[in-house]
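Shown next, in structure tokens, is the structure this report addresses.
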Amino acid sequence: MSYTAHFRVWRGDSNKGELVDYNVEVNEGEVVLDVIHRLQQTQTGDLAVRWNCKAGKCGSCGAEINGRPRLMCMTRMSIFDKSEALTVTPMRTFPVIRDLVTDVEFNYQKAREIPAFAPPAGVAPGEYRMEQVDVERSQEFRKCIECYLCQNVCHVVRDHEENKPAFAGPRFLMRIAELDMHPLDAADRKRAAQEEHGLGYCNITKCCTEVCPEHIKITDNALIPLKERVVDRKYDPLVWLGSKIFKRTPANA
Amino acid sequence: MSTITETSAGRARISARTLRTDRWWLPPLLTVAGLTAWVSYATVRVFMQKWYWVPEYHYLTPFYSPCVSTGCEPESALFGRFLPNWGILPFGALTLPFLLMFRLTCYYYRKAYYRGFWASPPACAVAERHKRYTGETRWPLLGQNLHRYFFYVAVLISVINTIDAVDSLRGNGGFGVGLGSLIITGNVVLLWAYTVSCHSCRSIMGGRLNHFSKHPLRYKLWTQVSKLNAKHQELAWITLGTLALTDFYVMALSAGWFSDPRIVN
Ligand code: SF4
Ligand code: SF4
Ligand code: FES
Ligand code: FES
């Protein structure tokens with residue numbers, strides 16, 4: 001059954017912009033991205049939208065639908081009331097290029113700031129050996145499709161542009177957690193997580209987890225465990241005392 | 001002011017604080033209502049200094065456990081009486097501050113009150129109104145990192161609560177079970193579940209390890225705690241409920257509003 005939906009799509013660039021109303025046909029089984037494409041084909045050929053896979057795997061089509069950060073290609077029209085107006089806006093935390101397309105450079109920059117995997121001394125590439133159970137834990141984090149919806153929704157930077165230099169955001173704090181849990185990684189990630197990448201800014205209010213299209217438990221499985229690891233290193237008086245007496249940092253268990 | 005509507009950074013110029021159309025304000029409202037109601041009830045009860053003990057069956061409310069004031073009924077004080085009997089000092093003043101801090105620094109309650117009371121953020125993709133935001137990077141919120149120490153104390157207190165539950169299995173001069181024993185015991189079981197499902201506990205059990213393969217026992221413990229941990233939010237609310245219920249039940253018996261249905265003796 002097809003019907004006509006009322007869409008309100010944000011059109012504009014970094015200088016000005018507004019919500020523009022469209023009435024557009026919707027067919028059974030369609031997702032929001034289908035309808036945006038129909039708009040492009042039939043009413044407004046210059047509507048800018050980024051997409052690639054239409055399968056929830058490339059992470060390109062993030063936007064905000066009725067104010068909620070979502071992948072347009074994974075948001076079924078059937079979850080909305082047929083009579084309600086549907087607002088589609090670009091992600092609000094990043095600079096807008098045009099219409100629904102934002103510049104996500106912030107995230108690439110944050111990715112570059114995290115030192116890569118550091119193999120232990122004396123083990124050559126090709127000689128890495130790990131047990132299955134040790135590898136399993138980080139598999140969840142590797143499901144990330146880098147859509148940056150979590151980076152977009154996190155109030156630390158969304159509501160406070162000035163925090164951007166100090167805060168890596170959930171996706172990249174999760175990357176640090178993954179490396180810190182890695183059985184072979186030799187770098188000390190804990191101190192840096194707190195002092196350089198802004199883990200302390202996160203107040204575990206879980207919006208990153210709420211929007212993640214891969215359903216990664218970012219807060220419970222990466223951010224909170226990382227906070228606990230930072231406590232081990234920085235705020236545990238017994239560990240601190242031990243390191244003073246024996247003049248060594250606790251080895252990775 | 002929040003930067004969500006600011007334009008300097010090249011963001012889309014959208015003036016609305018949020019474009020969400022659902023009732024996003026309901027969960028924080030319920031949180032505030034629920035926590036306020038509970039804290040009000042608990043405050044009144046903790047300072048009441050009566051109706052905390054049922055001598056026939058040795059029922060002690062968790063809010064007065066352990067009862068360590070010289071004002072406590074001698075029989076209710078399993079761990080001695082040494083705190084002065086002042087009106088402003090709760091009979092359970094030895095442990096209550098630790099329990100309060102345990103819950104205040106709990107990762108779940110933090111989420112709940114940051115969202116509910118501090119509106120930081122009130123809900124996802126709804127702009128907060130604070131001028132500045134530094135999260136848990138500095139004093140006093142940096143202190144949230146002490147959670148694990150309150151966890152250790154909470155484990156000790158859970159042991160004391162367990163002793164209370166065993167002590168509540170009494171009837172006429174010997175062993176007995178009443179509805180009160182079941183309520184007290186059920187509460188203690190749930191308190192243990194809440195305490196063990198703590199994120200700090202999860203880390204201590206095995207989360208802090210990088211080589212599960214070298215520590216099979218701790219890996220197993222971590223797996224079990226992880227399962228409970230997924231229910232931590234539910235347990236946080238359920239135990240608030242059972243704590244209040246247990247206290248109310250003991251109060252009602254102690255005040256003589258009704259009598260305890262006996263199951264055994
Ligand atoms: S849990 Fe932390 S990282 Fe995730 S959205 Fe909330 S503040 Fe940001
Ligand atoms: S963690 Fe989830 S929300 Fe964040 S970038 Fe990856 S897939 Fe997207
Ligand atoms: S188009 Fe690839 S995730 Fe939506
Ligand atoms: S008690 Fe909630 S996280 Fe520790």
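The listed peptides B:204-210, A:156-162, ordered by packing as a protection proxy, come out as A:156-162, B:204-210 (highest mean of other Cβ atoms within 10 Å first). Once the Cα atoms are used to define both axes, helix A:32-42 deviates from the longest principal axis of chain A by about 40 degrees. The calculated 222 nm mean residue ellipticity attributable to helices in the protein assembly as shown amounts to -11500 deg cm²/dmol, summing -39500 (n - 2.57) over DSSP H runs of n ≥ 4 and dividing by all residues.
Within the listed set A:Pro120, A:Pro225, A:Pro95, the Gaussian network model of chain A (springs between alpha-carbon atoms below 10 Å) gives the highest mean-square fluctuation for A:Pro120. Axis of helix A:237-246 versus longest Cα principal axis of chain A: the two differ by about 40°, to the nearest ten degrees. So which residue, out of A:Glu18, A:Glu214, A:Glu127, gets the largest mean-square fluctuation from a GNM of chain A using Cα contacts under 10 Å as springs? Looking only at A:Glu18, A:Glu214, A:Glu127, the biggest GNM fluctuation is shown by A:Glu127.
The distance from the alpha carbon centre of region A:41-64 to that of region B:65-125 is 52 Å, rounded to a whole number. Please work out the FRET efficiency for the pair B:Phe248 and B:Glu73, using the Cβ-Cβ distance as r and a Förster radius of 22 Å; give the result to the nearest 0.05. Step by step, r from the Cβ atoms, then E = 0.70. Based on protein heavy atoms only, region A:3-101 ends up with 44 Å² per residue of surface accessible to a 1.4 Å probe. Computed over protein heavy atoms with a 1.4 angstrom probe, the accessible surface ordering of A:His182, A:His215, largest first, is A:His215, A:His182. Given q = 0.12, 0.17 Å⁻¹, what are the Debye log10 I(q)/I(0) values for region B:51-199, with equal point scatterers placed on the Cα positions and solvent ignored? Calculated log10 I(q)/I(0) at the listed q: -0.64, -0.99.
Working ranking of peptides B:110-119, A:109-118 by packing, defined as the average number of other Cβ atoms within 10 Å per residue, highest first, is B:110-119, A:109-118. So what is log10(I(q)/I(0)) for chain B at q = 0.16 1/Å, when the Debye sum runs over its Cα atoms only? Taking Cα atoms of chain B as identical point scatterers yields -1.23. For the peptide B:124-132, the mean number of other protein chain Cβ atoms found within 10 angstrom of a residue's Cβ is 6.
Rg/Rh for region A:3-101 stands at 0.92; both radii use Cα atoms, and Rh follows the Kirkwood definition.
Amide H contacts under 5 Å for A:Val31: A:Met77, restricted to partners 5 or more places along the chain or on a different chain, H placed in the peptide plane at 1.01 Å from N.
Stretching A:Asp103 away from A:Met1 to a fully extended chain increases their span by 33.0 nm, per 0.36 nm per residue minus the current alpha-carbon distance. Every Cα-Cα pair of chain A was included, and the share exceeding 22 Å stands at 60 percent.
Calculate, for A:Arg112 and A:Arg191, the FRET efficiency according to 1/(1 + (r/R0)^6) with r their C-beta to C-beta distance and R0 30 Å; round to the nearest 0.05. Efficiency, from the Cβ-Cβ distance: 0.95. Sorting the segments A:72-80, B:34-42 by their residues' average number of neighbouring beta-carbon atoms within 10 angstrom, most packed first, yields A:72-80, B:34-42.
Which whole number gives the average count of other chain Cβ atoms within 10 Å of the Cβ atoms across peptide B:110-122?
3
In plain terms, the C-alpha convex hull of region B:125-265 casts an average shadow of 13.8 nm² when viewed from every direction.
Once the Cα atoms are used to define both axes, helix A:170-181 deviates from the longest principal axis of chain A by about 30 degrees. The convex hull built on the alpha-carbon positions of the protein assembly as shown has an orientation-averaged projected area of 30.5 nm². Ordered from highest to lowest accessible area with the whole protein assembly present and a 1.4 Å probe, A:Phe7, B:Phe150 read as B:Phe150, A:Phe7. Applying both filters, DSSP loop and at most 15 other Cβ atoms within 10 Å, to the chymotrypsin sites (Phe, Trp or Tyr not before Pro) of region B:172-265 gives B:Trp257, B:Phe258. For region B:15-43, heavy-atom accessible area (probe 1.4 Å) falls by no less than 50 Å² from the chain alone to the full protein assembly at B:Leu19, B:Arg20. Apolar share of the accessible surface for chain A: 51 percent from carbon plus sulfur atoms, 1.4 Å probe. For peptide A:225-233, the mean count of partner chain Cβ atoms within 10 Å of a residue's Cβ comes to 5. Using only Cα coordinates, the Kirkwood hydrodynamic radius of region A:154-220 works out to 12.6 Å. Ranking B:Trp53, B:Trp139, A:Trp51 from most to least accessible surface, computed with a 1.4 Å probe over the protein chains only, gives B:Trp139, A:Trp51, B:Trp53.
Between B:Phe82 and B:Ser226, the modelled labels are 4.2 nm apart [label points 7 Å from Cα along Cα→Cβ]. Taken as entire DSSP H runs, the helices of chain B that both span 18 Å or more between Cα atoms along their own long axis and average 1.6 or more on the Kyte-Doolittle scale are B:179-196. Each label point was placed 7 Å from the Cα along the Cα-to-Cβ direction; for B:Ile163 and B:His211 their separation is 4.0 nm.
Projected label points at B:His130 and A:Gln41, each 7 Å from Cα along the beta carbon direction, are separated by 4.8 nanometres.
Extension gain for A:Ala166 to A:Glu146 (0.36 nm times residue separation, less C-alpha to C-alpha distance): 5.2 nm.
Computed on region A:105-240, the Cα convex hull volume stands at 126 Å³ per residue. Summed over both chains, the contact between B and A buries some 5100 Å² of accessible surface at a probe radius of 1.4 Å.
To the nearest 10, the accessible area of B:Thr105 is 10 Å² with a 1.4 Å probe.
Per residue, chain B exposes 47 Å² of accessible surface when a 1.4 Å probe is rolled over the protein heavy atoms with every protein chain present.
The values are calculated or read from the model by the stated rules, or taken from the named source; none is laboratory data. On a predicted model such as this, the values are computed, not experimentally measured, just so you know. Positions of Cβ are backbone-derived with ideal geometry, glycine not excepted, and every protein chain shown enters the neighbour counts. Only protein heavy atoms, including side chains, enter the accessible area calculation; ligands, DNA and RNA are left aside. Shrake-Rupley method; radii C 1.70, N 1.55, O 1.52, S 1.80 Å.
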